[in-house]
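**Student:** The structure's right below; bear with me while I get my questions together.
The values are calculated or read from the model by the stated rules, or taken from the named source; none is laboratory data. Please read all numbers here as calculations on a predicted model, not as lab measurements. Virtual Cβ from ideal backbone geometry, glycine too; neighbours counted across all protein chains shown.
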Amino acid sequence: MQRYFIAPEQLTATEAVLTGDDAHHLVKVMRARPGQTIICSDGQGREVLAEITALEPGIVRASVVETLPLTAEPAVHVWIAQSLPKGDKLELVIQKGTEIGAARFLPFLSARTVVQYDERKEAKRVDRWRKIAKEAAEQAHRNRVPVIEAPLTWKQLLNRVPEADAAFFCYEKPSGRQLREALRDAFPADSAETRAGRTVLLVIGPEGGFTEQELQEAEAAGCVAVGLGARILRTETAGMVGLTCVLYETGEMGG
């Protein structure tokens, strides 16, 4: 069944109204007809089964049939802070991270970021990243669309570290601690109930990795340096591996 995220004001107690790309997709791609049912979510905690009642130019109206339970979101909120990679790699990180279950993405600039940052062009890229997250959340049957923030400076990112209950700085050290061990230390005796709502921040470096100074600054800000195994991962792979590890260790995948 097709699932769509719509603005909260488009979902009332009795009706869901789809416009723009969503209406076009339903009518032109899915060939929707009155009587068919769809799932609509406001992305803020309300999701409904709705029956299409009218197809108008650029608008699809649907009557709310029932409110659905929210069961697709991880109890632990994982934020991925990703140093801006080259090309369209961040699109892959956002798409796959959304499918796996990330709650928020915080792109940032670090010492070895090779991307030439242009604030004017970046606004368009952020819009595209948000569209990718929305489409991936619909495909994965998420209840919420992850938040995609505008790129931060390194200092701005460090100022956000205290917002997380646990923050991990992914850094390749042959003898360093691994993420699994650090997670168990961060949440030693938590039950599934007490873990619910906790936030975990994963900080991922660029293609060239982090500098030693950035490691020291991150640790001073409250991050714990961790490894993601014995292999060196590409920047677009590291966040997805770390995210999956966190969700498994916190019981999302039966861990």
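Yes/no per residue for (1) of a type outside the set (Val, Ile, Thr); (2) over 23 Å from Gln95 (Cα atoms); (3) surrounded by 21 or more Cβ atoms within 10 Å (Cβ to Cβ):
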| residue | (1), (2), (3) |
| --- | --- |
| Ala218 | yes, yes, yes |
| Gly222 | yes, yes, no |
| Arg234 | yes, no, no |
| Leu243 | yes, no, yes |
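**Student:** I want to confirm something. Restricting to region 23-53 and keeping residues that are out of contact with any strand residue (DSSP E or B) (no Cβ under 7 Å at 6 or more places or on another chain) and touching a residue at least 40 places away in the same chain (Cβ under 8 Å), which single residue is surrounded by the fewest Cβ atoms within 10 Å (Cβ to Cβ)?
**Tutor:** Gly45
**Student:** Okay, moving on. Just one of the numbered conditions (1) out of contact with any Phe, Trp or Tyr (no Cβ under 7 Å at 6 or more places or on another chain); (2) surrounded by 14 or more Cβ atoms within 10 Å (Cβ to Cβ); (3) within 30 Å of Ala218 (Cβ to Cβ) is not true of Gly87; which one?
**Tutor:** The failed condition is (2).
**Student:** Additional query: Hey, could you check region 178-189 for residues that are part of a loop (DSSP other than H, G, I, E, B) and surrounded by fewer than 16 Cβ atoms within 10 Å (Cβ to Cβ) and say which is modelled with the highest pLDDT? Reasoning before the result, please.
**Tutor:** Within region 178-189, the subset part of a loop (DSSP other than H, G, I, E, B) is 187-189.
Then keep just the ones that are surrounded by fewer than 16 Cβ atoms within 10 Å (Cβ to Cβ); that gives 188-189.
Details: Pro188: 77, Ala189: 64.
Of everything passing the filter in region 178-189, Pro188 is modelled with the highest pLDDT.
**Student:** Taking only region 212-232 into account, find how many residues are of a type in the set (Gly, Ala, Ser) and closer than 16 Å to Pro162 by Cα. First the steps, then the outcome.
**Tutor:** Initially, region 212-232 is screened for residues of a type in the set (Gly, Ala, Ser), giving 218, 220-222, 225, 227, 229-230.
With closer than 16 Å to Pro162 by Cα added as a condition, the list becomes 218, 220-222, 225.
Within region 212-232, residues that are of a type in the set (Gly, Ala, Ser) and closer than 16 Å to Pro162 by Cα number 5.
**Student:** List, please: which pairs have Cβ atoms under 6 Å, are six or more places apart or on different chains, and start with a residue in region 1-22 that is over 16 Å from Thr53 (Cα atoms) and end with one that is acidic (Asp, Glu) and not in a helix (DSSP H, G or I)?
**Tutor:** Qualifying pairs under 6 Å: Pro8/Asp42.
**Student:** Is it the case that region 196-207 has a residue that's at pLDDT below 85, closer than 20 Å to Cys245 by Cβ and surrounded by 13 or more Cβ atoms within 10 Å (Cβ to Cβ)? Steps first, please.
**Tutor:** Narrowing region 196-207 to residues at pLDDT below 85: 196.
If we keep only those that are closer than 20 Å to Cys245 by Cβ as well, we get 196.
Cutting the leftovers down to surrounded by 13 or more Cβ atoms within 10 Å (Cβ to Cβ) gives us 196.
Yes: region 196-207 contains one or more residues that are at pLDDT below 85, closer than 20 Å to Cys245 by Cβ and surrounded by 13 or more Cβ atoms within 10 Å (Cβ to Cβ).
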